[in-house]
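Reading through the structure tokens given below for one structure.
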Amino acid sequence: QVQLVESGGGLVQPGGSLRLSCAASGTIFNTYPMGWYRQAPGKQRELVAGITNGGSTNYADSVKGRFTISRDNTKNTVYLQMNSLKPEDTAVYYCNAFIVGIHYWGNGTLVTVSS
């Protein structure tokens, strides 16, 4: 059974930084693409960043140049480094694995950007 566990969320001031981590278990981690999504109150869940098993990345326009997704296959972990955070980045952030046509999700970690 695939399990994804996020960590690293919290309260940060505008302009600050956070690093989210997602630990995966129950699968051959380095085989599949991974991603980070977020969902703000009253809004739909949206893709923030994705990374293929080969390390290619893609980002939402709203976070390009500020966020960086990476993965450490030796630790079965994917990261999201978030810099220059803005209040509009406030959301629950979810880790995602897309495995054989099925999306797997973590429980999410809350990021609040506020002064």
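The values are calculated or read from the model by the stated rules, or taken from the named source; none is laboratory data. Only a predicted model underlies this, so the values are computations on that prediction, with no experimental measurement involved. Positions of Cβ are backbone-derived with ideal geometry, glycine not excepted, and every protein chain shown enters the neighbour counts. Side chains included, ligands, DNA and RNA excluded: accessible areas come from the protein's heavy atoms. Shrake-Rupley method; radii C 1.70, N 1.55, O 1.52, S 1.80 Å.
What to note about this one:
- Residue that is surrounded by 14 or more Cβ atoms within 10 Å (Cβ to Cβ) and among the acidic types (Asp, Glu), where the choices are Asp61, Asp72, Asp89: Asp89
- Ser114 being at pLDDT 95 or above, at negative phi and open to solvent by 20 Å² or more (accessible area, probe 1.4 Å): yes
- Counting only residues that are open to solvent by 20 Å² or more (accessible area, probe 1.4 Å) and under 18 Å from Arg66 (Cβ atoms), the range 92-108 holds 0 of them.
- Highlighted here are the strands (runs of 3 or more DSSP E) found entirely within the range 22-115 that include at least 1 residues which are farther than 23 Å from Val12 by Cα and among the aromatic types (Phe, Trp, Tyr): 91-99, 102-105.
- Hey, Ile51 in contact with a Lys or Arg (Cβ under 8 Å, 6 or more places away or on another chain), free of Cβ contacts under 8 Å to residues at least 40 places away in the same chain and surrounded by 15 or more Cβ atoms within 10 Å (Cβ to Cβ) or not: yes
- Considering the range 1-13, the residues that are at pLDDT below 95 and not in a strand (DSSP E or B) include one that is surrounded by the most Cβ atoms within 10 Å (Cβ to Cβ), namely Val2.
- In the range 14-41, the qualifying residues are those that are within 15 Å of Thr112 (Cα to Cα) and out of contact with any Leu (no Cβ under 8 Å at 6 or more places or on another chain), and the one that is most open to solvent (accessible area, probe 1.4 Å) is Pro41.
- Residue list for the range 24-50, restricted to those being modelled with pLDDT of 95 or more and among the hydroxyl-bearing types (Ser, Thr, Tyr): Tyr37
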